[in-house]
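Everything below concerns the one structure shown next.
The values are calculated or read from the model by the stated rules, or taken from the named source; none is laboratory data. Nothing here was measured: the structure is a model prediction, and the numbers come from that model. We place every Cβ from the backbone using ideal geometry, glycine too, and count neighbours over all the protein chains shown.
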Amino acid sequence: MRPRRKFPAAWALAALWPAVCGCIPQRVALTVTDSASTQPGGFRFADYALALRRSVKPEGVDYHALLADPALLDLFLARLAYDGPQSQPERFARREDRLAYWINAYNAAVLRGVVQQCGNGTVPDWPWISLDYGYLFRVDGRMRVPAELRRAALAEAGDDWRVRFALCGGRRGDPPLAREPFQPDVLEFQIDRQVRDAWQSSHCTVINHGDQYLLLSGDLLELQSRLIADFEKRTGARGATILNVLIERATREHVAVLNSAIGYSVHRLPFDGRVNQAQTAGQAPGLLSRILSSVTP
């Protein structure tokens with residue numbers, strides 16, 4: 001008779017690991033019913049706009065403000081449940097309608113994912129469940145994880161690289177969260193402004209004067225060659241650098257800051273995976289105008 005095979009305890013733990021680390025998505029129970037989403041014309045931005053205005057700060061997201069009144073964010077998510085480009089295509093006939101929908105849906109779902117992890121009113125330093133894959137939301141007629149919403153936004157964007165800077169993954173290394181919803185009728189202006197704001201933030205660009213490094217986020221570094229080629233084609237310049245690209249979109253006040261990095265070598269900015277919560281004055285990571293000398297690649 002064959003002896004019964006014993007499996008090491010480590011194997012059993014490995015089998016349970018997806019559930020332990022949150023790889024099995026959890027359905028989020030909203031604090032409002034889905035009934036509002038079924039009403040004619042139920043898809044509106046007012047609730048989400050107010051939630052963003054109360055919680056989005058220059059240095060990050062004030063999740064305590066969301067925790068104090070989660071109904072605004074939840075009402076917006078509830079209205080996304082059965083209203084969207086796939087379930088009601090006649091209401092999203094334009095590309096701008098669909099793109100704004102998916103960007104807002106992704107950002108709102110990630111926000112709600114962070115709120116879901118705030119036990120006893122405490123915001124975690126690090127997400128303990130994946131914000132892209134750990135939670136399920138009913139959006140546009142079916143259950144989806146936020147990563148699906150992100151893919152839908154990027155698919156709708158097509159060749160428009162700017163959209164990736166409008167998608168906030170809820171961590172400090174992600175592009176900053178816009179302080180207002182993206183609206184179809186002014187989407188072009190809003191995305192352009194978001195790119196400018198993202199590039200001027202420490203989420204995407206940091207100058208290290210100590211080592212003479214210009215540190216760029218992974219997205220910017222990946223796009224570097226394309227952005228330079230587009231700049232040269234548009235302006236007729238030769239031998240342009242990523243600094244020329246950044247300066248072109250910078251505010252007047254910020255140009256001097258960028259000029260201080262002329263001749264610096266370009267390196268990848270280490271990704272900060274901590275939750276993008278707003279810090280106190282003494283802890284705030286600051287914008288690019290706060291020149292950092294202690295960051296090393």
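In the stretch 119-128, the qualifying residues are those that are part of a loop (DSSP other than H, G, I, E, B) and not acidic (Asp, Glu), and the one that is farthest from Ile24 (Cα to Cα) is Thr122. Close Cβ contacts (under 8 Å, 6 or more residues apart or on different chains) running from residues in the stretch 131-148 that are under 18 Å from Cys118 (Cβ atoms) and in contact (Cβ under 8 Å) with a residue 24 or more places away in the chain to residues that are hydroxyl-bearing (Ser, Thr, Tyr) and outside any helix (DSSP H, G or I) comprise Pro146/Tyr133; Pro146/Tyr135. In the stretch 87-94 there is no residue that is touching a Lys or Arg at 6+ places or on another chain (Cβ under 6 Å), closer than 21 Å to Val28 by Cα and surrounded by 21 or more Cβ atoms within 10 Å (Cβ to Cβ). Considering the stretch 249-262, and only residues there that are assigned to a helix (DSSP H, G or I) and not aliphatic (A, V, I, L, M), the residue that is farthest from the chain's Cα centre (by Cα) turns out to be Asn259.
Out of curiosity, is Val115 over 20 Å from Phe182 (Cα atoms), assigned to a helix (DSSP H, G or I) and either modelled with pLDDT under 95 or out of contact with any strand residue (DSSP E or B) (no Cβ under 8 Å at 6 or more places or on another chain) (or both)? Yes: the conditions hold for Val115. Scanning the stretch 51-73 for residues that are over 18 Å from the mean Cα position of the chain (by Cα) and closer than 26 Å to Glu156 by Cβ yields one hit, Leu72.
Checked against the criterion of being surrounded by 23 or more Cβ atoms within 10 Å (Cβ to Cβ) and polar (S, T, N, Q), the candidates Asn107, Asn120 yield just one match: Asn107. Filtered by the rule that a residue be assigned to a loop (DSSP other than H, G, I, E, B) and either within 18 Å of Asp185 (Cβ to Cβ) or outside the structural domain of Ala155 (by TED's automatic domain parsing) (or both), the stretch 85-107 gives Pro85, Ala93, Arg94. In the condition set (1) surrounded by 15 or more Cβ atoms within 10 Å (Cβ to Cβ); (2) more than 22 Å from Val163 (Cβ to Cβ); (3) at pLDDT 95 or above; (4) not acidic (Asp, Glu), Ser265 is compliant with all but (1). Restricting attention to the stretch 66-98, the residues being more than 16 Å from Gln116 (Cβ to Cβ) and without any contact (Cβ under 8 Å) to a residue 40 or more places away in the chain number 5. Flag: Ala9 matches the condition of being at pLDDT below 50 and of a type outside the set (Ser, Thr, Tyr). If the condition is being modelled with pLDDT of 90 or more and of a type in the set (Ser, Thr, Tyr), then the stretch 12-66 contributes Tyr48, Ser55, Tyr63. The set of residues in the stretch 118-156 that are over 19 Å from Leu99 (Cα atoms) and either outside the structural domain of Tyr63 (by TED's automatic domain parsing) or charged (D, E, K, R) (or both) contains only Asp125.
Residues checked against (1) of a type outside the set (Val, Ile, Thr); (2) surrounded by 14 or more Cβ atoms within 10 Å (Cβ to Cβ); (3) in contact (Cβ under 8 Å) with a residue 24 or more places away in the chain; (4) more than 29 Å from Gly273 (Cα to Cα):
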residue	(1), (2), (3), (4)
Leu223	yes, yes, yes, no
Ile228	no, yes, no, no
Phe231	yes, yes, no, yes
Ala237	yes, no, no, yes
Ala240	yes, yes, no, yes
Ile247	no, yes, no, no
His254	yes, yes, yes, no
Val257	no, yes, yes, no
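All but one of (1) assigned by TED's automatic domain parsing to the domain that holds Gly134; (2) touching a residue at least 60 places away in the same chain (Cβ under 8 Å); (3) surrounded by 14 or more Cβ atoms within 10 Å (Cβ to Cβ) hold for Tyr213, so report the exception by its number. Of (1) assigned by TED's automatic domain parsing to the domain that holds Gly134; (2) touching a residue at least 60 places away in the same chain (Cβ under 8 Å); (3) surrounded by 14 or more Cβ atoms within 10 Å (Cβ to Cβ), only one is false for Tyr213: (1). Residues of the stretch 216-242 that are charged (D, E, K, R) and more than 13 Å from Val266 (Cβ to Cβ): Asp219, Arg226, Asp230, Glu232, Lys233, Arg234, Arg238.
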